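J.: This is the structure, below, for whatever I ask next.
Rule-based calculations on the coordinates, nothing more; no lab input. Predicted model only: the values in this text are computed from it and were never measured. We place every Cβ from the backbone using ideal geometry, glycine too, and count neighbours over all the protein chains shown.
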Amino acid sequence: MQQYGLENIRNLVLLSHSGAGKTSLSEVILFTTGAINRLGKVDDGTTTSDYDPDEVKRKISINLTILPCPWKGGKINLIDTPGYSDFVGEVKAAVRVSEGAIIVICAASGVEVGSEQVWAYSEQADLPRVVFVNKMDRENADFFRTVDELRARFGAKCVPIQLPIGAQDNFQGVVDLLALKSYVGSEMKETEIPSSLQNEVDSFRNRLVEAVAETDDSLLEKYLEGEELSPEELGGGLRRGVLTGSIVPVLVGSALQNIGITSLLDTVYQYLPSPKEREVVIVDGSGEQRPVEPSEDAPLAALVFKTSADPYVGKLTYFRVYTGVIGSNSQVWNASQEGSERIGQLFVLKGKGQEPVSQLRVGDIGAVAKLNVTSTGDTLCSRDNPVKIAPVVFPGTAFSEAVHPKTKADLDKMGIALSRLAEEDPTLEVRREADTSETILSGLGETHLEVAAEKMLRKFGVSVVLELPKVPYKETITVPAKAEYKHKKQTGGHGQYGHVLLALEPLPRSSGAEFADKIVGGTIPKNYIPAVEKGVNEAMQEGVLAGYPVVDLKATVYDGSFHQVDSSDICFKIAGAQALKKGLSQGQPILLEPIMNLEVTVPEEYTGDIIGDLNTKRARVLGMNPGGGVNVIEAQVPQAETLRYAIDLKSITQGRGSFSIKFSHYEEVPPQVAQKIIAEKQAKKA
Ligand SMILES: Nc1nc2c(ncn2[C@@H]2O[C@H](COP(=O)(O)OP(=O)(O)OP(=O)(O)O)[C@@H](O)[C@H]2O)c(=O)[nH]1
Ligand SMILES: [Mg+2]
C-alpha cells in the first residue's frame, strides 16, 4: 500500500442537485485513474459508489462513499454524496472532512434548488470549489446559458476555464482557455481550436485573465498596462483565487461520454488545496481552542464522521486523520467519550471494498471495524495529548412516523434494530410517545424513513409498517356535573355493594386531573376512598367521546353509601369509575388537541403560498419577520394538520423552505372536526 505525503492528498467532495451526475462522474473518474477497470453505470446498478441495495433499487445515492483515485503521483479521496435532500446528513459529513468541492451542474437543467443548497454548504464550510457542467451530450444542454445562470446566482466569481466544442449529440470535447488548447473524445486528443469558436474563446479568455489579474496587485498592474500574463502567472493567480474563494473555475464535459474527465482531474489536483493548506482547529485538554499545523509528527487527532452497520464486519467507523498517524493494532484515546479504544485492522475504503493498511497518516481518510466506545462525532487521539475536533453538525429531524411491527417476533427485535439504525444515522431519532404508546421514528423526509424501514428488514430481519403518528387527543368537560352510581348485585352468597356520588368541575387548560374527598359523616368509610379514587383514575384513561384520556377536570366524591357485609374495594372502584363516566357524559364533553408553535423560514417570494397553505390547515399566523430575502413566519397550528408538513413545505417551495415545530398547548377541537374524529374512532371499534 502506497503512502501519500500531505501535499499529495486531495479530499474532495462531489456535490449537486439530485441526478446531476455525481455518481456517474465518480465512476468515470475511478476508471480514468485506473482505480477500477470496469466502468459501471448508475442505470444498471453497477457503479462503485452506489453499491448499497437501497441505492441500486432507487438509482440514487443514499450514503456518502469514499473513492480514492491515484492521480499524478498523488491520491484524490473523492467523496460521492447523495443529492436527494432526505440524505443531507451524509452531505454534511462529507463536506466536513473535505478540503475542496466539485459542484456538478446539469447542462440541461442548469442551476437547481439542490445546486443552491450545496453551494451554501460549501460556502459555510469555506471550501474552495470548482464547477463541472456535466451532461453536455444531453438534449437541451447549453453551456453558455448555464454559465449565465451560475453567474446570476453565485456571482461573477464563476469563471469558465474551458469551453465546450459542440453540444448535445454533437458534443465532442473542450477548449482549455488557460493553455489555449483543444481536446476531443474520451482520449482527449489534441486538435485545433475550431474557428467557429474563436470569438467565444477570445472573450472568455479575456474574462479569465481579468479575473486572475484581480487576485494580485502586481498582476493587475501588468494587465492594465496591456502586458500578457505568463502561463505561470496565470496558473499561480488562478490557484490563489480558487483558494481564497474569489474565483470558482467552471469546467465542462460529460460523465457518460467520458469527455473532459482528465482535464477535470488535472484542474482539481492542481488548483484545489491539499490538507496541508488548511488549518486544523482543535480544542485541547484545557478546553482552549487553537489552530495546529497538520503534520505527521504532531500527536494524533482523527475525527469520526460516519458509522455504518456493515453486514460483514459489524460496526464500521469512518474517520479522517487531521494530524499525526494512526496505526493498525494500536491503542488510542477517545477524547469525546474519555475512554480508551483498541484499534484493530485499519482499512482504506473504495466503495464497498476494504483494503487493509498498516497505518493511516495525516490528511487521509480510512475506516476501522468493531470499536467499542466510539460513535460519530468523536475525536480519536493519544492519551498524553487529549484533543477534540469540532464534530459534524447534523440537521434536526423534520418528519415523523409511527413504527408498527408486523408480527410478535418483529416486535421483539424492533427496539435493537431501531437503536442500531439511529446509531448509524445521526439524522434518525427514535422515541416512545407515552400518550399514544407508539414508537416514533423521525428523520428528514418520507424517503429517508422508507429507506430506514427497508434497512431494518434487510440488515436485521425486522418487518415493520410505517404510518403517520396518532395525534394524542384528550377529553374534558365544559360544565360542572353531578353523577351518582350504585353498584349493587346479589349473586349467590353475599352480594356486592358500592354507592358513589361525584361532583365534576372543569379546570383551566393544562391543569391535569384532580381527585378530592369531601365525604362527611362516613357515608363512605375512609378505607374505601382509595378504591373510589382508583376507579375514577382508571376511568379517566378513556373518555366517553372517543376513548382519549380525560384531563383538566376535578372529581370530588361527596356522598355515597355502603353495606356492612356486601361492600368491598372492588365494588367502590366500579362505582367510582361508572359515576365518572356518567358525569363526563353530562358535563358537555369536548375533545382537546395539541397545538404546535410552527416557525417556517422561506425565501420571501413564497410568503403568499405559505400563508395560503397555512389557512387550509386551521393555523393562526402570529407574525412575520422578513429580512435578507427570507421571511420567518410564526404560526400556531393543530398538530393533526402538521404531520405531513415536511412534505407539503417541500412541494410548495421546491425544497427551499425549512421549519421547526414545538408543542405549545391543548385547545378544544372545533365541533365539525371533532365529529369526524369521533366517527372514525367508532368505525374502528366496530
Ligand atoms: N446524457 C447524460 N446522462 C448522464 C450523464 N451523467 C449522468 N447521467 C445520467 O443521469 C442520471 C443520474 O446520474 P447519477 O450519476 O446517478 O447522478 P447523481 O448526481 O449521482 O444523483 P444522486 O445520487 O441522486 O444525487 C443517470 O441516469 C445517468 O446515467 C452525462 O454526462 N450525460
Ligand atoms: Mg449519486
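J.: Counting other Cβ atoms within 10 Å of each Cβ, which trypsin sites (Lys or Arg not before Pro) in the stretch 402-506 have at most 13 and sit in a DSSP loop?
T.: Sparse-neighbourhood loop trypsin sites (Lys or Arg not before Pro): 406.
J.: Could you pull out every one of the lysines with an alpha carbon less than 16 Å from that of residue 276, ignoring same-chain neighbours closer than 8 positions?
T.: Counting by Cα, and skipping residues close in sequence, residue 276 has these lysines nearby: 75.
J.: Under the rule a/c < 1.5 gives rounded, and otherwise a/b versus b/c splits prolate from oblate, where does the stretch 97-221 land using the Cα gyration tensor?
T.: Verdict is oblate for the stretch 97-221.
J.: Right, something else. Using the Cα gyration tensor of the stretch 1-147, with a ≥ b ≥ c the square roots of its eigenvalues, what is the shape: rounded (a/c below 1.5), prolate (a/b larger than b/c) or oblate (neither)?
T.: Numbers: a/c = 1.38, a/b = 1.19, b/c = 1.16.
Since a/c stays below 1.5, the shape of the stretch 1-147 is classed as rounded.
J.: Follow-up question, since we're still on this one. For the chain, take the longest principal axis of its alpha carbons; what is the angle in degrees between that and the long axis of helix 198-213, to the nearest 10 within 0 to 90?
T.: On a 0 to 90 degree scale, this one is about 70.
J.: In degrees, nearest 10, range 0 to 90: what is the angle between the Cα axis of helix 446-460 and the longest Cα principal axis of the chain?
T.: 90
J.: Using θ = phi - 60° and the Karplus relation 6.51 cos²θ - 1.76 cosθ + 1.60, list the HN-Hα couplings for the stretch 484-491 in order, rounded to whole Hz, with x at every Gly or Pro.
T.: 10, 9, 10, 9, 9, 9, 10, 10
J.: Which net charge results when you count Lys and Arg as +1 and Asp and Glu as -1 among the other residues whose beta-carbon is under 15 Å from that of residue 236?
T.: -4
J.: Give me the dipole magnitude in Debye, nearest 20, for the stretch 475-566 about the Cα centre, with unit charges on the beta carbon: positive for Lys and Arg, negative for Asp and Glu.
T.: For the stretch 475-566, the charge dipole is close to 240 debye.
J.: Check residue 280: other-chain or 5+ apart residues with amide H under 5 Å from its amide H, H built from backbone geometry?
T.: Correct list: 292.
J.: Around residue 171, which amide H atoms from residues at least 5 apart in sequence, or from another chain, sit under 5 Å from its own amide H, with H modelled in the peptide plane?
T.: Under 5 Å from the amide H of residue 171 lies no amide H from a residue far enough along the sequence or on another chain.
J.: If you don't mind, there's one more thing I want to ask. Which value in deg cm²/dmol, rounded to the nearest 500, describes the helix-derived mean residue ellipticity at 222 nm for the chain, given -39,500 (n - 2.57) per DSSP H run of n ≥ 4 and division by the residue count?
T.: It comes out at -9000 deg cm²/dmol, rounded to the nearest 500.
J.: Nearest 10 degrees is fine. How inclined is helix 231-244 to the longest principal axis of the chain, computing both from alpha carbons?
T.: So the inclination is approximately 10 degrees.
J.: Given axes a ≥ b ≥ c from the Cα gyration tensor, I'd like to know whether the stretch 26-88 is rounded (a/c under 1.5), prolate (a/b larger than b/c) or oblate.
T.: Oblate shape, in that a/c is at least 1.5 and b/c is the bigger or equal ratio.
J.: Across the stretch 369-459, how many lysine pairs separated by 8 or more positions, or lying on different chains, have Cα atoms within less than 20 Å?
T.: 8
J.: Between 131, 69, 652, whose Cα lies farthest towards the positive end of the dipole of the chain when Lys and Arg beta carbons carry +1 and Asp and Glu beta carbons carry -1, centred on the Cα centre?
T.: Going by the charge dipole, the pick is 652.
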